[in-house]
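The values are calculated or read from the model by the stated rules, or taken from the named source; none is laboratory data. Everything numeric here is computed off the predicted structure, so don't read it as measured data. With ideal geometry, Cβ positions are generated from the backbone for all residues, glycine too; neighbour counts draw on all protein chains shown. With ligands, DNA and RNA removed, areas are computed over all heavy atoms of the protein, side chains included. Shrake-Rupley method; radii C 1.70, N 1.55, O 1.52, S 1.80 Å.
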Amino acid sequence: MKAEPAEGRAHAKIILVGEHAVVYGFPAIVAPLGNLGAVARVQPHTGPMVLASRYGISGLDRAPQPVTGLRHLTVATLRALGGAPSNLRLSIEATIPPGVGLGSSAAVAIALVRALYRAHRRPLEVERLVRLAEIGERFAHGVPSGLDLWAASSATPLWFVRGRPPTRLTVSRPLAMVVANSGVPSQTRVAVDRVRQRLRVARRPTWSELEHLGTLARAMREALSTGEVERVGSVFTEAHRALEAVGVGHPATSHLAACAARAGALGAKTTGGGLGGSVVAVARDMAHACHLREALLAAGAAAAWTTRLGGVQDGEDA
Ligand code: MEV
């Protein structure tokens, strides 16, 4: 089937609670960060397939190392569509910084599969979308839990347990937040290995922190549905401590979490893989979120964005 010009989009994600614990079957809560996104565009073109991304423009078979996953993903998606990697130009643009714990690789993978399906005018159920996108994610993260991919494909907050379809979460009272990038690259793969290693050498205490993160996820689900914003904040702070205890903290994210607390945040935590990356803090309202954003930028954050859950998404880019 001849492809037509098409584009696919996906957004960034914020893990509110449960990163790392989700790898071991505990629940996690994830929300969209609509301020940042990825877009993949497909154009008909004559000759071998071309891939253009922030890493340069090349033939798909000569794509540079950072996009190896995208190369495999493109070939697999085209195979699922009954096509071959030729006569197409695929370009990827993303405003999500890579390696900051906000789901850049997942969003790019989701956007790419959506674009290729649209270009071939074929319907795409979300399960198939996530299954295909996982081919790209494996190169970025090893064996991902699937959390990031489901998050990138959903416009609503999700309750996620590995191996099960996620469910939508109710957020009864608007939750104003600020997300700040510490500027230290997050290393999800290394962080996941770090937790696994820690489980080997100190199984009991590490497992009990992961279990505790599961309990915190249940507490947050309840607090979101009853609108107890202060309780959401204290779950954030407790989750931050537990993530540090399993070995994925970093002085840069702890510094930002402490600055957020000093500026009156109801709670703050590292978000995503950790060992650097980003923090997310709960504000009293959007005006307070803007104040926190300024405080975090003044404290050295490389970039920061405000966002709101449970109302119309809004915010601003740094
Ligand atoms: C990374 O965004 C989330 C982790 O829990 C890894 C995963 O779920 O695959 C750290």
Item to complete: Report, in deg cm²/dmol and to the nearest 500, the calculated mean residue ellipticity at 222 nm for the chain, where each DSSP H run with n ≥ 4 adds -39500 (n - 2.57) and the sum is divided by the residue count.
Response: -13500 deg cm²/dmol
Worksheet item: What are the ³J(HN,Hα) values, in whole Hz, obtained from phi via the Karplus relation 6.51 cos²θ - 1.76 cosθ + 1.60 with θ = phi - 60°, for each residue of region 250-258 in sequence order, with x given for Gly and Pro?
Response: 7, x, 5, 6, 5, 4, 5, 4, 5
Discussion item. Going by Cα centres, region 47-122 and region 219-264 are how many Å apart?
Written reply: 35
Worksheet item: Of all accessible surface on the chain at a 1.4 Å probe, what whole percent is carbon and sulfur?
Response: 53
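Can you list the trypsin sites (Lys or Arg not before Pro) in region 1-108 that are in a DSSP coil and have 15 or fewer other beta carbons within 10 angstrom?
Answer in residue order: Lys2, Arg54.
What is the chain's relative contact order, in percent, from Cα pairs under 8 angstrom and six or more apart in sequence?
22
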Item to complete: Looking at the chain, send over the antiparallel percent of its DSSP beta bridges, to the nearest 5.
Response: 95
Practice prompt. Mind checking region 100-205 for GluC sites (Glu not before Pro) that DSSP puts in a loop (not H, G, I, E or B) and that have at most 11 other Cβ atoms within 10 Å?
Written response: Glu125
Response to the item:
Sorted by chain and number, the residues with a modelled amide H under 5 Å from that of Gly274, at a separation of 5 or more or across chains, are Gln187
Item to complete: Go through region 104-115 residue by residue and turn each phi into a ³J(HN,Hα) via Karplus (6.51, -1.76, 1.60, θ = phi - 60°); whole Hz please, and just put x for glycine and proline.
Response: 4, 5, 5, 5, 4, 4, 5, 4, 5, 5, 4, 4
Item to complete: Might you report the magnitude of the Cβ-based charge dipole of region 170-309 about its Cα centre, with Lys and Arg at +1 and Asp and Glu at -1, to the nearest 20 debye?
Response: 380
Worksheet item: What does the accessible area per residue of the chain come to in Å², with a 1.4 Å probe and no ligands, DNA or RNA counted?
Response: 41
Fill in: Top of Ser234, Ser186, Ser208 by mean-square fluctuation, Gaussian network on the chain, Cα under 10 Å
Ser208
Practice prompt. Hey, can you grab everything whose amide H is under 5 Å from the amide H of Leu88? Only 5+ residues off in sequence or another chain; H modelled, so Pro and N-termini drop out.
Written response: His45, Met49, Val50
Worksheet entry | Residues with amide H under 5 Å from that of Gly267, placed H, sequence gap 5 or more | Val282
Worksheet entry | Most mobile listed residue (Ala107, Ala191, Ala133) in the chain, GNM with C-alpha springs under 10 Å | Ala191
Fill in: Net charge over other residues, Cβ less than 13 angstrom from the Cβ of Gln43 (K, R count +1; D, E count -1)
+2
